[in-house]
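Below is one structure, written out as structure tokens; the observations come after it.
What follows is calculated from the coordinates using simple rules that are stated; it is not laboratory data. Just so it is clear, the model here is predicted, and its values are computed rather than measured. Heads up, the Cβs are rebuilt from the backbone with ideal geometry, glycines too, and the neighbour counts pull from every protein chain shown.
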Amino acid sequence: MCKIIINGGRRLDGSTAVQGAKNSVLPILAATVLADGECTVMGCPNLSDVNAAIEILEYLGCKVWREGSTVTVNPQAVSCADIPDSLMRKMRSSVTFLGAVTARCKRAKISSPGGCELGPRPIDLHIKALRELNISVTEHGGYTETFAENMRGADIHLDFPSVGATENAMLAAVTAKGTTTINNAAKEPEICDLEDFLKKMGAKISGAGTGVIKIEGTPKLHGAEHRVIPDRIAASTYLCAAAMAGGTLELTDVLPRHLNAVTAVLKDTGAEIRTKKNSMVLKASGRVRSIDTLRTMPYPGFPTDAQAPMTALLSVANGTSVIIENIFENRYKHCAQLCKMGADIKVNGRIAVICGVRELTGSTVCAQELRGGAALCIAGAAARGVTEISGVNYIERGYEDIVKDFSRLGVEIKKQIS
């Protein structure tokens, strides 16, 4: 059993680079299945979710090599279209393999995907989009099975701009006959990154980031090289940590334009932020200011994945703040753990009312999902005394080495294996 132990109360000062984006590399790795040659993906963070994606690729018949942050995939020997339950349940993004494997093998069979329990996350939008492409989809016994004898382009309208459904539709449509238009598509930077990779593979696709994606199907895609974008959620986490503990933080290998919604809120709390093309500096001193109301929204709104770190920050604000979670129903598990540290947070459905306290106190807490676990690390770094965090496996799904990064910034932190 692993624990993260933090002796908090110190300022965060220093510089750290931002890892490659978890939510970008996973669909890109799935996309390599579509190639008829070798693909090289650079900037892959060393995460348990990435390792799970590599396991799925190998199970499908791909040859995969990893050297540092570079993953090379040769998919020419793909021979399997069924992904077993044991692999699917290791991560939520495994569902993105549905579109890619269907396009490559003309069939696929997967079980329900795993990942953090954040409330209902049905794949009905994924299925609806695939059916529009003339793909037969059946669900039975906890499995989803597809058959695609004659995929063809279509006008797809997503009832909600789901990131996963957009990715699955893109991956299936790039080799379908004819033209596909995805309306109300997700606009996240990770969608743009997937489009960039598919273009390098020879796909005829445009419009990512605008809400309307157009695809002219091509029968074959070739291998390509690509570097994934920086992880805007990891960057948000470290910015919230510095704003909460105080100090001066420099982030390198970051794209500040992807963080506009987060940095706007951080400025409202009193932080000073300067940005350059690929770096940014945050300075914070004095007590955090509260905010009136924060609503999580699809991009370019405030990201749901940054809600938990922001909740930790606002728990020590000078006043009362309100957060409305519009994406997931069950994304406040971290609040009860923060309250163990002295926070005053009341949750009612999708609304959290945060009455800021002057300081938090170290305690024994448990991470119950990825971003909530990061929020506890932030709180522990700022709190007075020692905080012990269990559930480290959740945190390691999305942060390559949060212990090393925090330590580099002056936090007294260690990982204990017992």
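With Rh defined as the Kirkwood radius, the inverse of the mean 1/r over Cα pairs, the Rg/Rh of the stretch 22-227 is 0.92. How large is log10 I(q)/I(0) at q = 0.12, 0.13, 0.15 Å⁻¹ when the Debye formula is applied to the Cα atoms of the stretch 183-289, each weighted equally and without solvent? Calculated log10 I(q)/I(0) at the listed q: -0.53, -0.60, -0.71. Exposure proxy for HIS222, HIS334, HIS258: other Cβ atoms within 10 Å of each Cβ, ordered fewest to most, give HIS222, HIS258, HIS334.
Projected onto its three principal axes, the C-alpha set of the stretch 173-231 covers 34, 29, 11 Å, listed from the longest axis down. By how many degrees, between 0 and 90 and to the nearest 10, does the Cα long axis of helix 163-173 differ from the longest principal axis of the chain? With rounding to tens, the tilt is 20 degrees. In summary, the stretch 284-418 shows an alpha-carbon radius of gyration equal to 1.00 times the 2.2 N^0.38 Å reference for compact globular proteins. Rg and Dmax of the chain, based on Cα coordinates, read 21.3, 63 Å.
Computed from label points 7 Å out along Cα-Cβ, the spacing between SER418 and VAL386 is 1.0 nm.
For the stretch 186-199, putting each phi into the Karplus relation 6.51 cos²θ - 1.76 cosθ + 1.60 with θ = phi - 60° gives couplings of 4, 10, 4, x, 5, 5, 4, 5, 4, 4, 4, 5, 4, 4 Hz, in residue order, rounded to whole numbers and with x for Gly and Pro.
Ordered by the count of other Cβ atoms within 10 Å of each Cβ, fewest first, LEU249, LEU314 give LEU249, LEU314.
Using the Cβ-Cβ distance between LYS267 and ARG287 with R0 set to 25 Å, the FRET efficiency works out to roughly 0.95. Under the convention that each Lys and Arg Cβ holds +1 and each Asp and Glu Cβ holds -1, the size of the dipole of the stretch 22-227 around its Cα centre is about 280 debye. Pairs of C-alpha atoms in the stretch 135-179 farther apart than 14 Å represent 58 percent of all such pairs. The LYS199 and ARG152 beta-carbon pair, evaluated with R₀ = 25 Å, returns a calculated FRET efficiency of approximately 0.70.
Beta bridges assigned by DSSP with both partners in the stretch 22-227 are antiparallel in approximately 75 percent of cases. Residue by residue, the stretch 381-390 carries 3J(HN,Hα) couplings of 5, 8, 6, 7, x, 9, 10, 10, 10, 9 Hz when phi is fed to the Karplus relation 6.51 cos²θ - 1.76 cosθ + 1.60 (θ = phi - 60°); x denotes Gly or Pro.
Quick one: of the DSSP bridges fully inside the chain, what percent are antiparallel, nearest 5? Percent antiparallel among DSSP bridges in the chain is about 70.
With 29 Å as the limit on Cα-Cα distance, the pairs of LYS22/LYS276; LYS267/LYS415; LYS90/LYS346 that go past it are LYS267/LYS415; LYS90/LYS346. Stretching the chain fully between ASP253 and ASN318 yields a gain of 20.2 nm (0.36 nm per residue, less the alpha carbon separation).
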